[in-house]
């Protein structure tokens with residue numbers, strides 16, 4: 001590899017033609033063609049990225065970085081002339097030839113490129129803005145020969161092996177979560193990444209594990225527990241992922257014997273439906289194999305000694321703002337994810353200032369849940385931004401179409417929530433349904449007022465509420481004097497639909513209203529009206545109907 005100052009200079013690597021003076025015809029045309037092909041196949045590297053101009057492909061290590069065609073064209077223009085000023089006019093002329101565009105379009109695409117590169121993070125500085133003039137690519141760039149890219153071939157050495165699933169898309173908005181896991185793993189042998197359905201637990205765990213491949217002497221092994229229908233097969237699934245064939249009735253003993261002298265990271269994915277069997281096995285492994293670490297993903301914690309829980313939050317969305325611009329919106333990860341997936345579905349899609357508040361509203365409606373945002377963005381080709389926002393009043397009807405290659409529980413939003421709902425006890429299902437009448441936050445007293453009916457007693461209601469919090473179906477804010485609970489909007493819409501199907505909607509709403517009235521009268525003994533608690537909004541028939549339908 002060598003330093004490059006302009007990509008076209010790669011053509012200088014082609015052999016100079018030898019001309020026969022009798023007729024002026026080059027005699028080594030084959031060599032010239034081969035040299036030109038090598039130049040065409042050459043690629044540029046700027047750690048940790050490689051850019052393949054002929055293929056319009058940007059890789060970060062082994063992962064494809066998905067960018068729109070215009071952002072990639074801007075990257076090409078900048079890396080062809082590293083260190084040199086590339087003016088705004090030059091970039092606009094190249095990216096939007098024969099088209100009049102506003103400068104904001106260029107800024108939006110440069111911002112998207114910077115996000116994809118992680119520009120501004122510690123140790124990463126790629127694009128410098130020359131105020132009023134243009135941009136300069138400031139990182140060292142090297143020209144590499146075709147076929148030499150380590151990013152295009154996976155290492156198969158005896159050490160540092162792994163079976164992690166290959167990511168086809170880049171991870172968005174989770175850098176802090178990944179960094180937190182990498183900081184915690186050296187100090188904790190068991191970490192559980194916990195969060196709601198479709199929030200991105202597997203994505204974060206795999207991204208963290210990828211970083212640690214070379215840090216584990218023997219392996220990083222990924223175990224998908226989702227297909228298991230019976231908890232007794234958990235040990236066999238782990239053995240299979242390790243490449244072991246254990247000829248014994250005691251698979252756990254065989255596993256611990258194999259792992260006792262290994263330095264390894266084991267990723268246990270989707271533990272929630274086999275949580276007790278997984279916790280039992282994890283405890284046996286950790287007590288027998290001192291150099292094995294476990295990174296688990298689940299909708300609830302394993303409840304093991306020494307377990308460190310990392311609760312994954314929804315992707316942040318912009319607050320309500322009438323003056324929100326595209327540049328401002330794109331600083332939020334939920335918007336970044338929506339725009340990137342929309343561009344994959346609809347070629348040429350770009351976020352405009354006019355659409356920015358609408359896309360922000362879409363992301364807020366979907367509660368920052370990555371899966372829901374991806375499914376919604378995939379329908380942009382059929383409906384456009386404005387109609388899509390309107391149709392999202394019925395989230396589950398609209399978001400029925402997912403990736404054909406996705407696991408069944410991730411193909412639709414309803415399927416992801418079905419996965420959680422089907423694995424909880426009937427009492428917890430009833431309570432989740434009843435709590436869906438709250439459109440905002442609610443207290444424990446408010447919750448028990450609508451829950452305790454039809455044989456569900458106070459202590460049982462409290463215990464079930466705590467379990468629903470643990471299983472990421474209800475979020476809890478315990479920072480204040482009184483704990484506040486709420487359902488994510490997507491979970492609430494799902495549970496409210498189940499409540500309507502159960503025939504209890506009217507009765508539960510009546511109990512909610514009666515409790516609110518009682519509370520208000522206690523707060524206003526002189527008879528004056530008291531504003532409703534945030535947990536007791538006046539939903540009204542129209543609001544209830546739209547939430548269900």
If I go through the stretch 97-131 residue by residue, how many of them are under 31 Å from the mean Cα position of the chain (by Cα) and in a loop (DSSP other than H, G, I, E, B)?
9
Scan 255, 228 and give me the residue that is more than 11 Å from residue 162 (Cα to Cα), assigned to a loop (DSSP other than H, G, I, E, B), in contact with a helix residue (DSSP H, G or I) (Cβ under 7 Å, 6 or more places away or on another chain) and in contact (Cβ under 8 Å) with a residue 24 or more places away in the chain.
228
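Given 354, 382, which one is modelled with pLDDT of 90 or more and out of contact with any helix residue (DSSP H, G or I) (no Cβ under 7 Å at 6 or more places or on another chain)? Spell out the reasoning first.
Working: 382 fails: modelled with pLDDT of 90 or more.
Result of the check over 354, 382: 354.
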Single residue of the stretch 74-83 satisfying the filter (over 26 Å from the mean Cα position of the chain (by Cα) and within 19 Å of residue 348 (Cα to Cα)) that is surrounded by the fewest Cβ atoms within 10 Å (Cβ to Cβ):
76
Does residue 494 satisfy being in a strand (DSSP E or B) and either modelled with pLDDT of 60 or more or surrounded by fewer than 14 Cβ atoms within 10 Å (Cβ to Cβ) (or both)?
no
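Would you check if there is a residue in the stretch 521-529 being at pLDDT below 75, touching a strand residue (DSSP E or B) at 6+ places or on another chain (Cβ under 6 Å) and part of a loop (DSSP other than H, G, I, E, B)?
Looking through the stretch 521-529, none of the residues is at pLDDT below 75, touching a strand residue (DSSP E or B) at 6+ places or on another chain (Cβ under 6 Å) and part of a loop (DSSP other than H, G, I, E, B).
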From 71, 139, grab the single residue that is in a loop (DSSP other than H, G, I, E, B) and either more than 25 Å from residue 329 (Cβ to Cβ) or within 30 Å of the chain's Cα centre (by Cα) (or both).
139
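The values are calculated or read from the model by the stated rules, or taken from the named source; none is laboratory data. Because the structure is predicted, anything quoted here is derived from the model rather than measured. Cβ: placed from backbone, ideal geometry, glycine included. Neighbour counts: every protein chain shown.
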